[in-house]
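The values are calculated or read from the model by the stated rules, or taken from the named source; none is laboratory data. Predicted model only: the values in this text are computed from it and were never measured. Here Cβ is always computed from backbone atoms with ideal geometry, including for glycine, and neighbour counts include all displayed protein chains. To get the accessible areas, we keep the full protein, side chains included, count just its heavy atoms, and leave off ligands, DNA and RNA. Shrake-Rupley method; radii C 1.70, N 1.55, O 1.52, S 1.80 Å.
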Amino acid sequence: MISELKPGERLDDLERNGLMLIQHPGRFCYGVDAVLLSWFAKASEGERVLDFCTGTGVVPILMTAKTAASHLTGLEIQEEVAKMASRSVMLNHLGDKVSIICGDLKNTKTLFGKGVFNVVTVNPPYMAGGSGLVGADYSKAVSRHEILCSLEDVIRESANVLVAGGRMYMVHRPYRLGDIICLMKQYKMSPRRLCMVHPKASQEANLVLIEGIRGGNTQIRVEAPLVLFDEDGQESKQIKMIHGRL
């Protein structure tokens, strides 16, 4: 395994089925939001999954252990990050199950065509264009800020690649929820399931998980909130179960 690493990289244990992930601390590393997305997303046997903004490939790699999807594709615009994700796929012997493609999600019609995936997952940049401090590290900035893609790009292209009745699963910040729902409606996506994520039960939500379905006019179901830590700072039973520690 060590031979797969390049200078500055590390190997992280994903705590599922012995899966490991190559990461570089100098670039954007995955957080709990990616883990929660891989738990929230559903994919049945025979379904094809596309993960936008895949980064290190953590979501499709984790989903191989959590779903029955037939194939998962990760799309990443940054070439070096995409290459790192591909090495993690090979390291975990998942080459027949997971593909990593370097490309721009705004070009899905050219890359994939229309209506070819059953599921889209996405952990997009949270910061709207022109907001927040970008900082000097371009790779991290691309992961955090809407520099190379916007929320509208993500939802429009999700609608493009999904089959009728296909589902999109997204993790984002609660303050963008109004924008998310409006854009889903604009591109004929119906919000179907929503879960608020709270650091502690006494604190307001800082993440939202949302499922949308292409077409139809379903009623949205608000699930019980997900709490990450008990009031004493220990991991909650919910998050331990998500991580596979219970």
| note | Under the 7 Å Cα-to-Cβ spin-label approximation, GLU223 and LYS237 lie apart by a distance in nanometres of 1.7
| said: Testing the spin-label approximation: label points 7 Å from Cα along Cα→Cβ at ASP96 and GLN203. State their distance in nm. | reply: 4.4
| query | Which of ILE155, PHE40, THR64 sits farthest toward the positive end of the charge dipole of the chain, with +1 on the Cβ of Lys and Arg and -1 on the Cβ of Asp and Glu? | reply | ILE155
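For region 24-111, with every protein chain kept in place, what is the accessible area per residue (1.4 Å probe, Å²)? Could the numbers behind the result be given before it?
Working: 3390 Å² over 88 residues.
Accessible area per residue, region 24-111: 39 Å².
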| request: Collect residues whose amide H, placed 1.01 Å from N in the peptide plane, falls under 5 Å from the amide H of MET189; neighbours closer than 5 in sequence don't count. | output: GLY215
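Mind putting a number on the dipole of the chain about its Cα centre? Charges go on the C-beta only, +1 for Lys and Arg and -1 for Asp and Glu, and I need it in Debye to the nearest 20. Working shown, then result.
On the way: 29 positive and 27 negative charges, 139 e Å.
Dipole of the chain, to the nearest 20 debye: 660 debye.
Checking the table LYS83/LYS106; LYS66/LYS114; LYS188/LYS240; LYS114/LYS200; LYS109/LYS200; LYS114/LYS240 against a 31 Å threshold on Cα-Cα, which pairs fail? Don't skip to the answer; put the middle values down first.
Working: LYS83/LYS106 20 Å; LYS66/LYS114 26 Å; LYS188/LYS240 36 Å; LYS114/LYS200 41 Å; LYS109/LYS200 41 Å; LYS114/LYS240 38 Å.
Over 31 Å apart, Cα to Cα: LYS188/LYS240; LYS114/LYS200; LYS109/LYS200; LYS114/LYS240.
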| So for the pair ARG173, ARG245, with labels modelled 7 Å out along Cα→Cβ, what separation do we get in nm? | 2.7
| Computed magnitude of the charge dipole of region 170-234 (debye, nearest 20; Cβ of K, R +1, Cβ of D, E -1) | 580
| request: Show me 154-163, 97-106 ranked by packing, highest mean number of other Cβ atoms within 10 Å first. | output: 154-163, 97-106
| request: Over all alpha-carbon pairs in region 176-240, figure out the percentage whose distance exceeds 18 Å. | output: 44
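Tell me whether the chain comes out rounded, prolate or oblate; compute the Cα gyration tensor, take square roots of the eigenvalues as a ≥ b ≥ c, and use a/c under 1.5 as the rounded threshold. Please list the in-between numbers first.
Working: a/c = 1.27, a/b = 1.09, b/c = 1.17.
Rounded.
Could you give the length gained by full extension between VAL116 and SER44, i.e. 0.36 nm per residue of separation minus their alpha carbon distance, to one decimal place?
Length gained between VAL116 and SER44: 24.4 nm.
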| remark: Projecting the Cα atoms of MET196, ASN217, GLN234 onto the charge dipole of region 196-246, where Lys and Arg contribute +1 and Asp and Glu -1 at Cβ, the residue farthest towards the positive end is ASN217
| query | For the chain, which whole-number percentage of the solvent-accessible area (1.4 Å probe, protein heavy atoms only) is attributable to carbon and sulfur atoms? | reply | 53
| query | Can you tell me the Rg and the Dmax, both Å, for the Cα atoms in region 40-117? | reply | 11.8, 31
